[in-house]
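See below for the structure under consideration.
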Amino acid sequence: MSLRVHYLPDHGQIKLSGKFIMEAQREFARVYRHALPAFADKHLVIHMGEVEYIDSSALGMLLMLHKDAKHQGTEIILKDCKPVVHKVLAMAQFDKLFAIQKYRQ
């Protein structure tokens with residue numbers, strides 16, 4: 001999986017691509033923990049338009065992100081989720097934790 005971080009004046013963006021699986025856990029945690037403090041009381045957009053697959057360990061990573069973000073008042077938005085990814089997020093009821101935007105072509 002590839003990760004790219006963008007710092008914008010009013011929010012942050014982390015762009016993911018590839019398979020969001022257990023092997024990405026360390027890198028994802030390192031990246032979001034480094035970026036998160038800059039967006040206290042703002043929002044952080046996780047662009048998932050290039051994510052092909054998501055497994056249960058990725059759901060765990062997103063839960064950790066949610067917990068850490070909540071402590072500092074940062075809203076997390078999962079953006080451009082492809083149908084296969086959106087289905088997994090919906091089954092896990094992540095729409096109760098995150099703002100989720102479906103994929104737009």
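Since every read-out is calculated from the coordinates, none of them should be taken as a lab result. Please read these numbers as outputs of a predicted model, since none were measured by experiment. Backbone-built Cβ (ideal geometry, glycine too); neighbour counts: all protein chains shown.
In percent, what relative contact order does the chain have, based on Cα pairs under 8 Å that are 6 or more apart in sequence? So the answer I get is 26 percent.
Counting neighbouring beta carbons within 10 Å and listing from fewest to most, the residues 6, 11 come out as 6, 11.
A simple charge model with +1 on the Cβ of Lys and Arg, -1 on the Cβ of Asp and Glu and nothing else charged puts the dipole of the chain at about 60 debye relative to its Cα centre.
If you take all other residues with their beta carbon under 13 Å from the beta carbon of residue 89, and give Lys and Arg +1 and Asp and Glu -1, the sum is +2.
Measure nothing fancy, just the Cα-based angle from helix 25-35's long axis to the longest principal axis of the chain, in degrees from 0 to 90, nearest 10. It works out to around 30 degrees. In terms of surrounding Cβ atoms within a 10 Å radius of their Cβ, 80, 95, 55 rank from fewest to most as 95, 55, 80.
Cα-based values for segment 2-102, radius of gyration first and Dmax second, are 12.2, 34 Å.
Shown for 39, 98: other C-beta atoms within 10 Å of each C-beta, ranked fewest to most, produce the order 98, 39.
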